[in-house]
Structure formats: C-alpha cells, structure tokens
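*Asks:* Got a structure for you, questions after.
The values are calculated or read from the model by the stated rules, or taken from the named source; none is laboratory data. Since we're looking at a predicted model, the values are computed, not measured. Backbone-built Cβ (ideal geometry, glycine too); neighbour counts: all protein chains shown.
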Amino acid sequence: DLPIAVTLDLHCNLTQQMVDNCTMMIGFKTYPHVDMYEVGDQIAQVMFRALDGRVSPVMVWGNRPVLAQTLCMGTADAPMSGLQDMTRKLEREGLLAATFFGGFPMADIHDAGISAVVVGDGDDIQARSACDRLLDGGWSERAGFIYSGRPLDLAISDARQYTEGPVLLLDHADNVGSGGTADVMDVIREVHKQELENVAVGAVWDPVAVKKMQEAGLGNRVSIDLGGKTDMPSIGRSGEAFHVEGRVASLSDGIWTVEGPMYTGVEVSTGPTAVLDTGRIRIVVVSFHHEPWDSGIFSNNGINPTECRYLLLKSRIHYRAGFQPIARATIRCDGHGVTTSRNDQLDYQAIRRPIYPLDDNATA
C-alpha cells in the first residue's frame, strides 16, 4: 500500500509495465528540461497528500502510433508548446498531474512514440477524458513532429550571410544526449571547406587527440586525425577522422560548475580537455562525452562564446538553455550520425507497425 511517485523525462517511451509499477507519475513539461526540480516537487506534494489521505490518486495512460522527432519537440515551438499548455490547464482545472510525452524515436522498442499519463483525484473517468484529449491533440498535430532537412552544404552556405554572431550551427545528428558518438566530423569538415571564420566547436569526443595535445604542450602546434573513432553500423557508416593542424590553445582537467538554467550548480567533468585552434576554428576536444547545454563548455576552456561569429554545437534542443539568449540565428545542419532526425535512415525491427510517418496506413 506504499505509494510510489515517479518523475520521467519528456522523451519517455511509456509502457504498461511502467504504469503498473507505480502509484503516480509525472513528466517534465519543458525541453530543454529546465523544470526538473519543480516537477519533482509537484509529484512529491501529491504523494504527501496521498499519504495523509487528502487525495486518492487514480492514474490512466495511453499512446498513439507517432514516431515524433526530438528535434521537433522543443516546448517553445508548436506543436509541443500547445500540448504542454494543455497539460497545465488540466492541472489548473483540478487534475493532480497531467503529462504529454514526445517519446524517443531512436529507441527500437514496441511502444516507442507519443504518449500521455494523467493522475486524477478519485475520478478515473475525468482522468481518462483528459488523457484522450492530450493524445488526440498529439495525433492531430503529428505532421508538426516530423523533421524535413536540407543538404548540409546549403545550410553552411546560408550561415555565411550573417555578419554578426553568434550564429548557432546545430550538428543535431551527432548529439550525445540522444546516444550520439560526438566524433562525427561531417559538419566540422564542411565548415572548414567553406572557410567560415571565428568558429568555436563544442564538443568533439576524442581522448586520443587530447592526449596528443597534452604531449605537444600548450601553445605548440600539432597535426592530428580528429574524431571518427567510432563506427556506426546501425546507419551503415564507418568512422571517418578529419585531419587537421593547429595550435594547442588550452589544456584543462575539464571540471567546471554549471551557472546556466539547466543543471544549475552541478559539477561537470568532461575529463582531460583541450582546445585546438586552426586559425579559423577553435575546437573543444573532450575525453568524456558531453552535450553543450551550458556556455561553460566554452568559457571554462578559454573561449568567450559571445565573441564568436559561429558556435557549432553537437546538440538538438538542450542547447537553448545556455545559448539561445545570445544567439543571432540558429541553423540546423544535417550531418550524419546515429541520432539522425530522419526516421527512414534507421533500421527498425521492434517498433509497432503501422506507425506514422513510416507507414501511410497508420491510424490513431
């Protein structure tokens, strides 16, 4: 009879087994996830009220066959903004908790897709009605959850029109927060090819390159094969390094404290870290994987991001927490990587079928 309260990520692929093993659950309502503390407190307060006998939680859930792309789940943008507004309205109207999950499309499991869970106070009919409203809303807006990109060379070429920065270049297909390797060099290679200047990159995972820069020493020049250490059989690609020469501009232990709005006060460790300066591009190279959701990845490695014309970030949406306030513009760059935003590039075996957008005959 002990109540169990659970908080979940907005990208959760909810299952019946998860629901069966707790009393109440809630998910983050923001992406970037800047409401983690508030959501945890909200469901804890519901649990305390349940323990005191002041409320009687009843929980219902459901899902729809929509394989939404995380790149299209930013809660400042439609359709997710409207769906999250609906969850807040439902809570103001008396529900104990209401959540809409965008799901995680890189997970090849049966229940991958959008879902919702609602916690009511003793009224499962009201909770079911609210849950269905959320799910129907997600289904009706399903086209807005699908990403349509453009050739990488055109995206980088468009970036040249901006004379002032920072302009954010998003290498969203190589995002470690979604399972990426952070060592795919396609976007960096194209930036180098088109000779963009005053570029800072955060961050490439390559502990071998860091070690070589440590051995060379601060201020000295190195010639290295950067990145490309990881093969990606799930998308049929092998790692491909980028041969680059430059100066070792910074060396550090990679330990710093977050000052921005996401994970505020948390100590970050990117392991031994170095900055390679090619003259036009400064590349932060780390030994531990890291998604750049805070400007500290640059400022703690000798780079002032506000003074850069371009910031190349291996991130999808979390970058907004630390970088959106300083950005002049944002350009999505479609490189390769296991976190591709194109569902048709992934070899799904376990997901339910039919499912939108892979199958034209998918129905709610």
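*Asks:* Which condition does ASP124 not pass, out of (1) over 19 Å from the mean Cα position of the chain (by Cα); (2) within 30 Å of ARG342 (Cβ to Cβ), if it passes all the others?
*Replies:* Status for ASP124: all satisfied but (2).
*Asks:* Testing ALA321 on (1) surrounded by fewer than 23 Cβ atoms within 10 Å (Cβ to Cβ); (2) outside any loop (DSSP other than H, G, I, E, B), one condition comes back false. Which one is that?
*Replies:* Failing condition for ALA321: (1).
*Asks:* Within the range 107-203, considering only helices (runs of 4 or more DSSP H) that don't extend past its boundaries, which have at least 1 residues that are assigned by TED's automatic domain parsing to the domain that holds SER287 and over 23 Å from ASP294 (Cβ atoms)?
*Replies:* 152-159, 186-193
*Asks:* Same structure again: Of the residues in the range 225-240, how many are in contact with a Ser or Thr (Cβ under 7 Å, 6 or more places away or on another chain) and without any contact (Cβ under 8 Å) to a residue 12 or more places away in the chain?
*Replies:* Counting residues in the range 225-240 that are in contact with a Ser or Thr (Cβ under 7 Å, 6 or more places away or on another chain) and without any contact (Cβ under 8 Å) to a residue 12 or more places away in the chain gives 1.
*Asks:* Give me the residue from the range 73-86 that is in a helix (DSSP H, G or I) and either assigned by TED's automatic domain parsing to the domain that holds ARG332 or surrounded by 21 or more Cβ atoms within 10 Å (Cβ to Cβ) (or both) and, out of that set, nearest to the chain's Cα centre (by Cα).
*Replies:* So the residue we want is MET80.
*Asks:* Select from the range 50-70 the residues that are out of contact with any strand residue (DSSP E or B) (no Cβ under 7 Å at 6 or more places or on another chain) and either buried (at least 16 other Cβ atoms within 10 Å of the Cβ) or part of a loop (DSSP other than H, G, I, E, B) (or both) and list them in ascending order.
*Replies:* Within the range 50-70, ASP52, GLY53, ARG54, ARG64, ALA68, GLN69, THR70 meet the criteria.
*Asks:* Of (1) surrounded by fewer than 19 Cβ atoms within 10 Å (Cβ to Cβ); (2) assigned to a loop (DSSP other than H, G, I, E, B), LEU95 satisfies all except one. Which?
*Replies:* Every listed condition holds for LEU95 apart from (1).
*Asks:* I would also like to ask the following. Identify all residues within the range 211-251 that are within 27 Å of GLY179 (Cβ to Cβ), of a type in the set (A, V, I, L, M) and more than 25 Å from the chain's Cα centre (by Cα); write none if there are none.
*Replies:* MET213, ILE224, VAL244
*Asks:* Applying the selection to the range 242-259, what residues are in contact with an Asp or Glu (Cβ under 6 Å, 6 or more places away or on another chain) and surrounded by fewer than 17 Cβ atoms within 10 Å (Cβ to Cβ)?
*Replies:* HIS243, THR257
*Asks:* Next question, about the same structure. Please work out if VAL210 is in contact with a Pro (Cβ under 9 Å, 6 or more places away or on another chain), crowded, with 19+ Cβ neighbours inside 10 Å and closer than 22 Å to ARG280 by Cα.
*Replies:* Against the criterion (in contact with a Pro (Cβ under 9 Å, 6 or more places away or on another chain), crowded, with 19+ Cβ neighbours inside 10 Å and closer than 22 Å to ARG280 by Cα), VAL210 qualifies.
*Asks:* Only one of (1) out of contact with any helix residue (DSSP H, G or I) (no Cβ under 9 Å at 6 or more places or on another chain); (2) part of a loop (DSSP other than H, G, I, E, B); (3) closer than 26 Å to SER269 by Cα fails for HIS289. Which number is that?
*Replies:* For HIS289, the failing item is (1).
One line per residue, one yes/no per condition, for (1) under 24 Å from GLY149 (Cβ atoms); (2) touching a Leu at 6+ places or on another chain (Cβ under 8 Å); (3) free of Cβ contacts under 8 Å to residues at least 40 places away in the same chain:
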residue	(1), (2), (3)
HIS290	no, no, no
SER295	no, no, yes
LEU313	yes, yes, no
THR340	yes, yes, no
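*Asks:* Within the set of pairs 6+ apart or on separate chains, which have a first residue in the range 212-224 that is over 12 Å from VAL275 (Cβ atoms), a second that is acidic (Asp, Glu) and surrounded by fewer than 18 Cβ atoms within 10 Å (Cβ to Cβ), and C-beta atoms under 6 Å apart?
*Replies:* Here the result reads SER223/GLU245, each pair linking the range 212-224 to a residue that is acidic (Asp, Glu) and surrounded by fewer than 18 Cβ atoms within 10 Å (Cβ to Cβ).
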